[in-house]
Amino acid sequence: MSLINWFEEKRKFGGLIGAFIEKATKGYVLSEREKDRSINVDTNKGLWTRCDNCENMLYIKFLKQNKGVCEECGYHLQINSTERIELLIDRDTWIPMDEDMVAQDVLKFSDEDSYKNRINLSQKRTGLTDAVQTGIGNSNGIPVALGVMDFQFMGGSMGSVVGEKITRLIEYATQESLPLIIVCASGGARMQEGTLSSMQMAKISSVLQIHQVQKKLLYIAVLTYPTTGGVTASFGMLGDIIIAEPKAYIAFAGKRVIEQTLRQKIPDGFQVAESLFDHGLLDLIVPRNLLKGVLSEIFELYNLAPWKENNNQV
Ligand SMILES: [Zn+2]
């Protein structure tokens, strides 16, 4: 049997090599829901994973070195918030903010599972307290304020903690005159917090207005797969410059919802970054391995902007 055939057979059998082996050998049978979860989580523990786009087998060690980009087809696989910070921030310069902020279940919300349990589960799986990491650090030597959402924590949903952490980050950046980057990856507002999560959109937008318009400071939004719902409808689309990763899914409502509302067929791929770029919603589409360099160039241009020189003279 050739190596390729062996991979193919393993893939058919287990979905992902290494992902379920540990549990399968213990005779533990996963439910469909748990399998979905494990695909995201356990891939880090196995040696191999599969590209979501071309379905080629990828050696995780090389995939990580390649910043989560498939070497076969160039597809940008999801990476977690910590990997994203390592990608954008110079080594040993990251200072995290508000790491101990934890969500409160004020509505005592419960559907198939209670909100409290979902939070506990996500905290154990990701090692994070909620779906965003914020802090300051240097990017190619330039001090920046950075917020990175993590899709693996309850689908990157925006509740009170995500809203408050991003708000405090923006306020700090405004106070210290730092440029701001927010990397978005979110399923939208967190339904378990109801209106409290919706109001985060207005809260973040209002502090951004002070940062951008009143203080004339730079905010760059980086949209990754997927950026949807309340995040798209607030700070995702408020960047002075909006950058997306290639093939990122960016939407407010999903395709099916739009089709049902408009009673119209929507073309395939219309919510993909390239299509949105063609229609003027984005400024740049930047491959992941070039992102840090592109951001530095933008910051350098921004620092040389004529209005800044005039401001300094005043
Ligand atoms: Zn691929």
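Starting with the fewest neighbours, write out Ser114, Ser81 ranked by other beta-carbon atoms found within 10 Å of each beta-carbon.
Ser114, Ser81
Give me the net charge of Tyr115's neighbourhood, meaning all other residues with Cβ under 12 Å from the Cβ of Tyr115; Lys, Arg count +1, Asp, Glu -1.
-1
Work out the FRET efficiency for Asn117 and Ser275 from their Cβ-Cβ distance, taking R0 = 45 Å, and round it to the nearest 0.05.
With R0 = 45 Å, the Cβ-Cβ based efficiency is 0.75.
Using θ = phi - 60° and the Karplus form 6.51 cos²θ - 1.76 cosθ + 1.60, what ³J(HN,Hα) does each residue of region 60-70 get, whole Hz, x for Gly and Pro?
Each residue of region 60-70 in turn: 4, 4, 6, 4, 5, 5, 8, 6, x, 9, 5 Hz.
For a footprinting-style exposure proxy, rank His279, His211 by other Cβ within 10 Å, fewest first.
His279, His211
Tell me, in nm to one decimal, what length is gained between Ile285 and Asn138 on full extension, where the rule is 0.36 nm per residue of separation less the Cα-Cα distance?
Full extension of this stretch gives 50.6 nm more.
So, with +1 on the Cβ of K and R and -1 on the Cβ of D and E, and no other charges, what is the size of the charge dipole of region 82-187 about its Cα centre, to the nearest 20 debye?
140
Order of Val106, Val272 from fewest to most other C-beta atoms within 10 Å?
Listed from fewest to most nearby Cβ atoms, that is Val106, Val272.
Between Val257 and Arg91, what length in nm is gained on full extension when 0.36 nm per residue of separation is reduced by their alpha carbon distance?
55.5 nm
Just to check I understand the Karplus step: with θ = phi - 60° and J = 6.51 cos²θ - 1.76 cosθ + 1.60, what whole-Hz values come out for region 187-195, glycine and proline as x?
Per residue, the Karplus-derived 3J(HN,Hα) values read x, x, 5, 8, 4, 5, 10, x, 4 Hz.
If the chain between Glu83 and Ala202 were fully stretched, how many nm would it gain, using 0.36 nm times the residue separation less the Cα-Cα distance?
Contour length minus Cα-Cα distance gives 39.9 nm.
Karplus couplings for region 168-178 from phi (6.51 cos²θ - 1.76 cosθ + 1.60, θ = phi - 60°), rounded to Hz, Gly and Pro as x?
5, 4, 5, 4, 5, 4, 5, 5, 9, 6, 9
Determine the alpha carbon to alpha carbon distance for each of Lys247/Lys292; Lys255/Lys292; Lys61/Lys265; Lys116/Lys215; Lys64/Lys124; Lys108/Lys247 and list only those over 30 Å.
As for pairs spanning more than 30 Å Cα to Cα, those are Lys255/Lys292; Lys61/Lys265; Lys116/Lys215; Lys108/Lys247.
Using a Förster distance of 30 Å, how high is the FRET efficiency between Asp268 and Ala305, based on the Cβ-Cβ distance and rounded to 0.05?
Plugging the Cβ-Cβ distance into 1/(1 + (r/R0)^6) gives 0.15.
Just so you know, all these numbers are worked out from the coordinates, no wet-lab data involved. Keep in mind it's a predicted model, so treat the numbers as computed, not measured. Positions of Cβ are backbone-derived with ideal geometry, glycine not excepted, and every protein chain shown enters the neighbour counts.
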